[in-house]
Amino acid sequence: MNEPKYTIAVIKGDGIGVDVTDAALAVVAAARDRVGGFQLELNELLAGAAYFQETGQDVAPNTEAAAGEADAIFLGAIGLPSIRHADGTEISPHLRLRDMFQLYAGVRPIKAYPNAPQRLADPRGANIDLIILRESTEGLFYSAAVHNRCPVESDDEVQDILRITRPTTEKLHDFAFKLASKRKERGGRGNVTCVDKANVFRSMAFFRKIFDERSVAFPNITKDYNYVDATALDLIRRPWEFDVMVMENMFGDIISDLAGGLVGGMGMASCAEIGTEHGLFQPAHGSAPDILGQDKANPLAAILSGALMLDYLAEKFDQSQLAKAAQLIDKAVDAGFAANRIRPMEFGGDMGTLAVTREVIELVKSIVV
Ligand code: ATP
């Protein structure tokens, strides 16, 4: 029994973050049990608004160091609107982790599942399967309030910076092309769309120039461009045509919510935040205090984030069993929706957090792969 062991730093956080993290970890454990070949060691770390209320600190001592030492970080949800710093801002230590570990690649898969809400009348909406890749350390968020980097701030004028740097943008575009290559191997279209506003902003023209430079190394992947305003239109008119879409931070913030809305709700929005050395995986939704403690939260965003985490570890450690476990979870969710065995309350179904989790675990144990 010399199976490799990987450490996961687990921050359950606040509100439904706790329930959906438990759900995701239970599904990940079931996938591991079926596939075998690796072990996971969980290191639970305390952080968030409730912890802040108790202790006056937003993370327990050594949390950042322990998260940095782990092979991956899994986070439930952080923040409660009722608990804030003295200046009115919410408790958000996870944004510090993103900055500290330079998690530049924000990956948001957008996929239509059978029997899940489809917002478009056009039946081709059933074929939506794309990735929003959002740069997450610079862009128009570089001077966001949390970073305290506002260049001009007086009572007469305030400026923010849109920062695009070559090193981060090269890594980002490489990430986009590699992701498209991986998806192509699994039957994807093999295309990257550069979403920008290169006709107006120099920073965006620079972003596109680097996109073209990096594309040369990926001759098997096709590329195109779309201005961000046209992208908002095209995601309604023809979202099924997109594959990987790469963009700066603020564009990604807005476009990923729009795209998420096409395939359901927040309970389906999985997310990976990846840097050169570290990866953090979390559902894109918040702590949802309005449904807290009612077993109503849809755990699928967290469960699918668990699959993203396994896939990340598979690549990081070149371990095929981890990739198999990730694909098993993806297939279980797909098969569960197709057979109408997964019916989350979020979409008017009869299944709460625990029931959805139990069903996904059953599917993970039994589906034919
Ligand atoms: P944050 O700013 O921390 O992202 P938020 O205030 O924008 O959070 P959420 O906490 O994500 O918002 O909640 C937005 C809405 O979506 C709420 O009505 C919430 O109940 C719902 N929601 C969020 N996550 C889920 C989920 N997993 N299942 C069902 N409903 C959810």
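Only the coordinates and a few stated rules stand behind these numbers; no lab work does. Since the model is a prediction, treat every value here as computed from it, not as a measurement. Glycine gets a Cβ as well: all are built from the backbone with ideal geometry, and neighbour counts include every protein chain shown.
Ignoring the sites themselves, what is the longest stretch of the chain with no trypsin sites (Lys or Arg not before Pro) in a DSSP loop and at most 15 other beta-carbon atoms within 10 Å?
Values: sites that count: Arg119, Arg149, Arg186.
The longest uninterrupted stretch comes out as 187-369.
Restricting attention to the chain, close to 45% of DSSP beta bridges with both partner residues there are antiparallel.
Here is how the number arises for the chain: DSSP H runs of 4 or more residues each give -39500 (n - 2.57), the sum is divided by the residue count, and the result at 222 nm is -13000 deg cm²/dmol. Here the label points at Lys182 and Arg358, each 7 Å from Cα along the C-beta direction, are separated by 3.4 nm in the simple model.
Near Met268, once Lys and Arg are set to +1 and Asp and Glu to -1 for all other residues with Cβ below 10 Å from its Cβ, the sum equals 0. The mean sequence distance of close C-alpha pairs (under 8 Å, at least 6 residues apart), as a share of the length of the chain, puts its relative contact order at 23 percent. Spatial offset of region 43-77 relative to region 205-277 amounts to 30 Å, using the alpha carbon center of each. Taking a ≥ b ≥ c as the square roots of the eigenvalues of the alpha-carbon gyration tensor, region 193-262 is classed oblate because a/c is 1.5 or more while a/b is no larger than b/c.
Within a 10 angstrom radius of the beta carbon, how do Glu54, Glu90, Glu248 rank from fewest other beta carbons to most? Kindly include the intermediate steps, with their values, before the conclusion.
Working: Glu54 10, Glu90 19, Glu248 28.
Fewest-to-most ranking of Glu54, Glu90, Glu248: Glu54, Glu90, Glu248.
With contacts taken as Cα pairs under 8 Å and at least 6 residues apart, region 118-262 reaches a relative contact order of 37 percent. When the charge dipole of the chain is built from unit charges on Cβ atoms (+1 for Lys and Arg, -1 for Asp and Glu) and taken about the Cα centre, the candidate among Gln53, Val28, Ile91 whose Cα reaches farthest toward its positive end is Val28.
With a ≥ b ≥ c the root eigenvalues of the C-alpha gyration tensor of the chain, is it rounded (a/c under 1.5), prolate (a/b larger than b/c) or oblate? Before the final figure, lay out the partial values.
Values: a/c = 1.39, a/b = 1.11, b/c = 1.25.
Rounded.
Taking the Cα centre of the chain as reference, the dipole from Cβ charges on Lys and Arg (+1) and Asp and Glu (-1) amounts to some 1400 debye.
Sorted ascending by nearby beta carbons within 10 Å, beginning with the fewest, Met100, Met345 become Met100, Met345. Can you tell me how region 118-262 classifies by the Cα gyration tensor, rounded, prolate or oblate, using a/c under 1.5 as the rounded cut? Taking the square roots of the gyration eigenvalues as a ≥ b ≥ c, region 118-262 is oblate. Of interest is the spacing of the C-alpha centroids, which for region 145-202 and region 299-369 amounts to 30 Å.
Pairs over the 18 Å Cα-Cα cut-off, from the set Lys12/Lys324; Lys171/Lys316; Lys223/Lys316: Lys12/Lys324; Lys223/Lys316.
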